[in-house]
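Worksheet for the structure shown next.
The values are calculated or read from the model by the stated rules, or taken from the named source; none is laboratory data. Since the structure is predicted, the reported quantities are computational estimates derived from the model, not experimental observations. Ideal geometry is used to build each Cβ from the backbone, glycine not excepted, and the neighbour counts take in all protein chains shown.
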Amino acid sequence: MKTILIDPSRCIQCCNCQNSCKDEHCDNDWSPIAAKQGSGQFWIKIEESQAATGNRMRLNRVPIICQQCEQPSCMAACEDGAIYKREDGIVLINPTKCTGCGKCKDACGYGVIYENVESKVCQKCTMCAHLIDGGWEKPRCVNACPTDALRYVDEDELCEENLYAPLERMHPELGTSPHIAYVNLPRPFVAGAVYSPSEDMCLEKVDLELVGQASGIAYCAQSGMLGEFRIEGVEPGVYALTLSKDGFDTKTISCLDVRDGLNVGDVRLIKTPC
């Protein structure tokens with residue numbers, strides 16, 4: 001069974017995927033797989049968000065697409081039998097049966113179903129099933145991606161031995177068992193720099209420990225050149241950051257609210273009196 005493997009860290013927001021999708025679907029009726037794509041729809045879209053601030057800000061770009069769920073909530077909500085799952089796992093909305101009631105849209109936790117007011121149907125990504133059936137090796141969006149942020153792969157091959165990063169699924173808590181796979185989804189981080197005002201210098205090799213004040217989860221790191229540090233892959237929560245280095249007073253910063261990215265700024269360490 002084929003699926004799409006998405007690596008947001010490789011996305012440069014060229015929008016080739018979005019443009020190729022529209023080129024394929026906006027003016028073409030591929031019924032019974034899909035009617036013409038309605039205006040204002042993005043069957044694949046790049047969600048952009050800013051994490052942290054200042055010179056330590058990071059721009060996250062995550063391609064969002066129908067997750068082709070094993071247990072689709074949209075299909076369960078459809079009372080007209082318009083939504084079905086093929087043997088190859090692709091979930092489709094039959095435009096000849098859909099009444100456009102919107103119940104599938106409300107049931108989808110990923111926000112990838114759209115109402116076409118003109119055609120009175122609901123629509124979403126079809127994984128270019130009409131092209132795959134016609135012999136194409138991959139959907140248009142994957143074919144147009146210049147950085148391999150999107151790859152069309154055999155789902156059976158998605159294992160640690162074949163991947164360069166841990167496999168992830170989007171919103172697994174929804175319980176729909178999505179088939180679309182991700183690696184390198186953006187995670188919260190804490191960044192900053194350490195310096196000594198008395199020495200008038202940046203401090204390298206400062207030991208950093210970030211501890212969840214409720215969870216007790218701990219992350220360790222060291223400051224690098226120019227005193228800069230970045231602690232990646234942090235679970236959202238409230239943390240205390242402790243900085244320590246021989247010859248300097250230990251400093252703890254508490255109540256750090258880490259939700260996406262946090263820049264704690266330039267942190268001073270005071271040299272311990274002799």
If you go through 109, 100, the only one that is within 18 Å of residue 36 (Cβ to Cβ), part of a loop (DSSP other than H, G, I, E, B), touching a residue at least 12 places away in the same chain (Cβ under 8 Å) and assigned by TED's automatic domain parsing to the domain that holds residue 86 is 100
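Would you check which residues across segment 1-15 are without any contact (Cβ under 8 Å) to a residue 60 or more places away in the chain and touching a Lys or Arg at 6+ places or on another chain (Cβ under 6 Å) and list them? Break it down stepwise before answering.
Initial filter on segment 1-15 (without any contact (Cβ under 8 Å) to a residue 60 or more places away in the chain): 13, 15.
Correct list: 13 only.
In segment 16-37, what residues are part of a helix (DSSP H, G or I) and surrounded by fewer than 18 Cβ atoms within 10 Å (Cβ to Cβ)? Show your work before the answer.
Narrowing segment 16-37 to residues part of a helix (DSSP H, G or I): 16-25.
Matches in segment 16-37: 19, 22, 23.
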Conditions (1) at pLDDT 95 or above; (2) assigned to a loop (DSSP other than H, G, I, E, B); (3) in contact with a strand residue (DSSP E or B) (Cβ under 9 Å, 6 or more places away or on another chain) -> residue 45 fails only (2)
Checked against (1) touching a residue at least 60 places away in the same chain (Cβ under 8 Å); (2) surrounded by 19 or more Cβ atoms within 10 Å (Cβ to Cβ); (3) touching a strand residue (DSSP E or B) at 6+ places or on another chain (Cβ under 8 Å), residue 58 satisfies every condition except (2)
Quick count over segment 74-97, residues being buried (at least 17 other Cβ atoms within 10 Å of the Cβ), under 24 Å from the mean Cα position of the chain (by Cα) and not in a strand (DSSP E or B), is 3
Note on segment 48-58: residues outside any loop (DSSP other than H, G, I, E, B) and under 16 Å from residue 231 (Cβ atoms) are 51, 56, 58
